[in-house]
Amino acid sequence: MDKVIDIEERIPTLRERRRKRSNRKFAALLTVFISLLFILLYSQSTYSEIRDIKVTGAELFDGESYKQASTLALGDSMWSFDSGEIEREIESLEWVESATVKKNWLSSVEIEIQEFVEMGYLDQGNSYQVVLSNGVVLNQPISVVEGPIFSNFEDEAKREALIEQLVKTDPEVQNLISQVILDTEQERADYITIYMNDGNEIKAILSTLAEKINYYPSVTAQLEGRQGIIDMEVGIYFRSYNDVFGLAEAGEELENIEEQ
């Protein structure tokens, strides 16, 4: 026989459950109210103002220039700007590859900059200008050159073609390049002369530069210390400076270097 439970016996339990449920609802509402009140008071107080703007990754230009580009300033409200809009504003600079804007804590903003890589220096006769990996030339003369020099590459299309080839070139070979000179007298093909830091000279065609010059370490390994001109226009041939300047025996021919 089933046990019959008197409703009066269950009333205290039901009341207790109802009271706990009401307390939980009240606590949740109170938490939401306090949070909204805190946010309101914070947004209206000086504690919501930007007190620090930090820029990281800036090398081509100083941090102050990026702060100005961001349009942010100390004292602005942390709630008055959209990070995405600031990122797009900074990325509109032709030397910036990407930008990230973060709101740190309650009053600090961090701007992370990724600039395009320096590939070399455009020879302007009496001065040099930095050339970036996107082909852009920075409009600011420099006095110290710490990379390869590009001569006769004032034409933007030719310059971009060179950068495209250098991007495909192995870093160890890039670091050996001292100067790249475009032959302005040739019309049908873009012939270039490359001077290397180890004393060799390379003759090549711009469109096949990366394909050929990446063999350079294996080529020089076969030269056993000899220096001269390495012709990479069609195959890969070597001619020593002794031969070029008439110091070698008559009849010496170009040495064919197999591509390894």
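The values are calculated or read from the model by the stated rules, or taken from the named source; none is laboratory data. It should be emphasised that the depicted structure is a prediction, and the values quoted were computed from it without experimental measurement. Here Cβ is always computed from backbone atoms with ideal geometry, including for glycine, and neighbour counts include all displayed protein chains.
Brief remarks follow.
- When restricted to residues that are aliphatic (A, V, I, L, M) and more than 12 Å from VAL173 (Cβ to Cβ), region 205-229 contains 5.
- Residues satisfying the stated conditions in region 157-185, i.e. of a type in the set (Lys, Arg) and in a helix (DSSP H, G or I): LYS158, ARG159
- Residue match in region 51-62 (condition: over 30 Å from GLN174 (Cα atoms) and crowded, with 16+ Cβ neighbours inside 10 Å): yes
- Considering region 203-245, the residues that are under 28 Å from the mean Cα position of the chain (by Cα) and hydroxyl-bearing (Ser, Thr, Tyr) include one that is surrounded by the fewest Cβ atoms within 10 Å (Cβ to Cβ), namely SER207.
- Only residues that are of a type in the set (Asp, Glu) and either surrounded by 15 or more Cβ atoms within 10 Å (Cβ to Cβ) or in contact with a Pro (Cβ under 7 Å, 6 or more places away or on another chain) (or both) were counted in region 162-182, giving 2.
- Flag for VAL144 being among the β-branched types (Val, Ile, Thr) and in a strand (DSSP E or B): no
- Just one residue in the set ALA189, ALA210 is assigned by TED's automatic domain parsing to the domain that holds ASP155 and part of a loop (DSSP other than H, G, I, E, B); that residue is ALA189.
- Condition met for PHE81 (touching a residue at least 12 places away in the same chain (Cβ under 8 Å), surrounded by 17 or more Cβ atoms within 10 Å (Cβ to Cβ), among the aromatic types (Phe, Trp, Tyr) and not in a strand (DSSP E or B)): no
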